[in-house]
Number of protein chains: 4
Amino acid sequence: MATPERAAVDKRRTILDAAVRVFARQGFHTCRVSDIADEAGVAYGLVYHYFNAKEEILDTLFLERWDVMLAAIAEADASQRTARDKLYAIAEFIIDSYRHDPNLMKVIIVEVTRAANTFGRTHLAKIREAYQQISGIVARAQADGSFRKEITPEFAALAFYGCIEQVLSGWIFELEPAGPGQLERAKTLIVETICGGLEG
Amino acid sequence: MATPERAAVDKRRTILDAAVRVFARQGFHTCRVSDIADEAGVAYGLVYHYFNAKEEILDTLFLERWDVMLAAIAEADASQRTARDKLYAIAEFIIDSYRHDPNLMKVIIVEVTRAANTFGRTHLAKIREAYQQISGIVARAQADGSFRKEITPEFAALAFYGCIEQVLSGWIFELEPAGPGQLERAKTLIVETICGGLEG
Amino acid sequence: MATPERAAVDKRRTILDAAVRVFARQGFHTCRVSDIADEAGVAYGLVYHYFNAKEEILDTLFLERWDVMLAAIAEADASQRTARDKLYAIAEFIIDSYRHDPNLMKVIIVEVTRAANTFGRTHLAKIREAYQQISGIVARAQADGSFRKEITPEFAALAFYGCIEQVLSGWIFELEPAGPGQLERAKTLIVETICGGLEG
Amino acid sequence: MATPERAAVDKRRTILDAAVRVFARQGFHTCRVSDIADEAGVAYGLVYHYFNAKEEILDTLFLERWDVMLAAIAEADASQRTARDKLYAIAEFIIDSYRHDPNLMKVIIVEVTRAANTFGRTHLAKIREAYQQISGIVARAQADGSFRKEITPEFAALAFYGCIEQVLSGWIFELEPAGPGQLERAKTLIVETICGGLEG
DNA sequence: CATGAATGAGACTTCATTCAT
DNA sequence: TATGAATGAAGTCTCATTCAT
């Protein structure tokens, strides 16, 4: 019988999906485990059947998504595109992720990558992997002459990723409008700014 | 006698300074009010003599510093420098602030400007003021032809400030070394990247 | 299985009953929630599982009992007795309530009906219902000529209820002995005094 | 120089008067010492110059007034009036006290005489003195035949005083209108009810 | 006499987690 | 797998009281 197992897996998924909405709405620290259970429509004891602790839910959400992103960056890097196009592919992937599930991206950014004290500290190594992959792209672009050498690859990676995250933050904070047009346009603007510079 | 008044003011300052260290070390949510009192060497209740709530301490720290920064940005903008030099002055001010009191900058960034849910939400208007001032610098540079018009001023401000904050985060997270040389060099790199671009 | 539901209901009841003893012994303001939990033999948090706040426990106790009393007054009023006998039935009900659970009556009188500032204010409407029902009895007795018209029904209700409450207070304060004989005799004395007067 | 002493006495009086207003408005348990000081327009340290504790303020207010009342009752009792007129004089004194300073009477009733747990317990002996004096009046009236003997003097005193207090409570709770006419009329109604009875 | 800064014990309440059913 | 009653540690905030000036 595959049904019970399926059901079990689905309940776990239901809880994770509910957690995304609750974390996005109330924040990790401010919400209660029972809020997640309520949102998922299950008893809150069940949350502890699938996860050992409240933190494990957030960890799971982060790692699930971050690994997909690392794979996307690796794939972009492995392609035969120019460095500029690789960076575009990365920006595109992240922004499309936001379009597809803004709550999830909000949670990952607000509660993990921008939370240096708590979860950011835990997942530092994972986060660093992304920077390093981007650094590699820049370094190779410097080696083949398409990027200039004055700016270190590590710094470039920081600047590129920081720019993306700030743009997403603008949408999350509702500082900037986040319609489909703005999302699409942002992909170009990010690459244009970081690669071409404001002085053009 | 001015002494009593001075003493009172100083105790309040002592508590604020202690809070900076405690917030930086343990995080706002993780620390207890008694940790702040202990760090300041005062009785528990005195914290509540000067502040109505734990949150008010963080609010105070943020507003104190952010207003200084807004003034610095305004001053840079009012000067006769080129847009690039104005942006350099802003990066310089922020990085020098970090050098002078890394804990305070850590607290402001981690607990306020990067905390979309809690305090960031509260101080959105103040944070936005900084972006708008920077936008203005870019817009005027576009008008006089020194910056190209493809990138909107709002986006440029986001990218510039995001780049700075990400660099500071790298130091705060200890992803990147933060010696005096690195701090000094970062000022140039930030402006070089945002204004000149990776492709130079 | 009805057992779990029963158990749950019983725990709530256990807490309410313990609260009566604690409130009676220490007073609402002076006791701690942990005193109630200790008296009930349950964990601290369970009190908050069943009640949102300490006040809600007292509210519950008051409303539970007051509604029973209002029903008893209504029943007395609906009967075919004389006004004097109706008043006797009311005095009887209240004094029997005291005999059955002196702690509960003490709590209701001391902490609610005689506490104009805090809980009395909250439950004013409920308290007033009792006066109004008694007023009605008097008014009808005046209409049929069994009571004289010089004393307004509202005033009569106040006097009658005040007399009962003062007698109970005497027992609660231990100003007067409260043996079974005294309780029984008080029923007659109250009605005798209010209906017949001291001058007889 | 008598002035400083006068000033000192006045400050103490100012604090007591302010306490009456604050206790009446917020209740003894709910108000803070600083509320009293604010109302009096003095620093709250000064309250502790004149009184050893918050409770002492209430004790003082109660004893000051209760002693005046005991004297009034004694005076009524000592006169050559009928028992009915003596009771009228007592009711008159208490109601006139309420008219003159409703806040003070509210505080004494709500916080002391009707608070069996806290202050009532402390001042039981003083409160009992009033009942006993009234009992004496009734007992002598029974001896001279003007009151019937079925109702014990102790019970009669309780009923009489309870009736008065309930009427005042009605005004305090704002259950009944408390205009000058109502106050005046209540004096008669109280005596009429207790002495003559509802059945007249 | 007068001030109000300073103290610190203690209260209520929250909520992550466990566990019996 | 599923429930939600039960636990209790921990945290924020209050406020009566003290005391240096």
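Restricting to Cα pairs below 8 Å that are 6+ residues apart, what does the relative contact order work out to for chain A? Please round to a whole percent.
19 percent
How charged is the neighbourhood of A:Val20? Take every other residue with its Cβ under 9 Å from the Cβ of A:Val20, and add Lys/Arg as +1 and Asp/Glu as -1.
Around A:Val20, the surrounding residues sum to 0.
Between the DSSP loop rule and a limit of at most 16 other Cβ atoms within 10 Å, which GluC sites (Glu not before Pro) in region C:108-200 are left?
Of the GluC sites (Glu not before Pro), the ones in loops of region C:108-200 whose Cβ has at most 16 other Cβ atoms within 10 Å are C:Glu150, C:Glu174, C:Glu199.
Do any of A:Lys54/A:Lys126; A:Lys126/B:Lys106; C:Lys126/D:Lys106; C:Lys106/D:Lys86; A:Lys187/B:Lys126; A:Lys106/B:Lys126 go past 30 Å between their Cα atoms, and which?
C:Lys106/D:Lys86
Placing a label point 7 Å from Cα toward Cβ, how far apart in nm is D:Gly181 from its equivalents in the other copies, listed shortest first to one decimal?
Between copies, matching label points for D:Gly181 lie 5.0, 7.4, 9.7 nm apart.
Along the charge dipole of region D:60-132, which of D:Thr118, D:Leu63, D:Asn103 sits closest to the positive end, that is, farthest toward it, with unit charges on the beta carbon of Lys, Arg, Asp and Glu (+1, +1, -1, -1)?
After comparing all options, I get D:Thr118.
Taking a point 7 Å out from Cα toward Cβ as the label site, list the nm distances between B:Ala143 and the same residue in every other copy, smallest first.
4.7, 8.5, 10.5
Distance between the C-alpha centers of region C:75-147 and region A:79-119? Whole Å please.
Rounded to whole Å, the Cα centres lie 70 Å apart.
Using just the helices of chain B, give the 222 nm mean residue ellipticity in deg cm²/dmol: DSSP H runs with n ≥ 4 each add -39,500 (n - 2.57), and the total is spread over all residues, rounded to 500.
-23500 deg cm²/dmol
List the distances, in nm to one decimal, from the label point of A:Glu64 to the label points of the same position in every other copy, shortest first, placing each label point 7 Å from Cα along the Cα-to-Cβ direction.
Computed spacing set for this position: 4.3, 4.5, 7.0 nm.
On the Cα set of the protein assembly as shown, report Rg and Dmax in Å, please.
Answer for the protein assembly as shown, Rg first and Dmax second: 38.5, 125 Å.
Which of the DSSP-defined H helices in chain D satisfy a minimum axial length of 30 Å, computed from C-alpha atoms, and a minimum mean Kyte-Doolittle hydropathy of -1.0?
TM-like helix candidates: D:3-26, D:54-78.
For the pair A:Arg128 and D:Glu184, how long in nm is the line joining their label points, each one 7 Å along Cα→Cβ?
9.2 nm
If amide H atoms are built 1.01 Å from N in the plane of the peptide, which residues on other chains or at least 5 residues away come under 5 Å of the amide H of A:Gly200?
HN-HN under 5 Å from A:Gly200: B:Arg148.
Based on other C-beta atoms within 10 Å, arrange C:Tyr48, A:Tyr88 from fewest to most.
In order of increasing Cβ crowding within 10 Å: C:Tyr48, A:Tyr88.
Laboratory data are not the source of any read-out in this text; all were calculated from the coordinates shown. Values in this document were obtained by computation on a predicted structure and should not be read as measured data. Note: ideal-geometry Cβ built from the backbone for every residue, glycine included; neighbour counts use all protein chains shown.
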